[in-house]
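Okay, so here's the structure we're looking at.
Bear in mind these aren't lab numbers, they're just calculated from the coordinates by the rules spelled out. From a predicted model like this one, the values you see are computed outputs, not experimental measurements. Neighbour counts run over all protein chains shown; Cβ positions are idealised from the backbone, glycine included.
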Amino acid sequence: MSRINHTEQYRRYRFLRAAWCNFENIYGYLDTRKQADLHKFYQPSHQLSQQELTAHIASVRMVDPSLAQRAGTYAGVLERLFLEASNQQGVSPSQAWKTIRATYEATISDPDSRDAQLLYVPEGTPLQLKNRRAILTARAIRRPEPDIGLLVRASLEYYRQVQEESVNHDA
C-alpha cells in the first residue's frame, strides 16, 4: 500500500486540529491508546505549518514506522463520525467540509475561539439517533500534555480536605 502525500497528511491534520479546538468530544469515540497515537503522529493540539508537520511525520516514521498506518486509520474513523453526525443534523458533506476549513482558519487566527461548534445541538433539542432516544455515554478525552492548572487545583483541594479532616478529627 502506498503512502499518502504531504498535502493529504496536512488536510487530515487540519481536520484533526479543528476538531481538537472546537469539538474535542469526538476524540472520545476512540480509546485512549488510539487517541495517543493520533496525538503522537498528527499533533492536533499544536499549531503546525505544512512544513513543520512534514518534518515531524518524517521523524516519527523513523521511530515507529507503523504509526502512520494506525493514525491514518483513526483519523479516517473520526472523519466518518463527523460526516455522519453532520448528516444527521441535515448538513451536506460539502458544507461540513467548508465549515471545517473555516473553523481551521478561525483556529489559526484565534486558537482560543470556541465559536464554531460544528456538532452543536440547540438547547432543549432531544438527542435522538434514527428515531430512538440516544443513550448518553461518558467518554475519555486524552490530553497530550498534563493540564497543570487542573493538577494544581486538585492538589489544593486535596490538601484543603486533609486540613478539614485533621481539624474535625482533633475536635
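Of the residues making up the stretch 13-38, those that are crowded, with 20+ Cβ neighbours inside 10 Å, within 15 Å of PRO144 (Cα to Cα) and touching a residue at least 60 places away in the same chain (Cβ under 8 Å) are LEU16, ARG17, ALA19, CYS21, TYR27, GLN35. Taken over the stretch 38-76, the residue count meeting the criterion of being closer than 15 Å to GLN9 by Cα and assigned to a helix (DSSP H, G or I) is 27.
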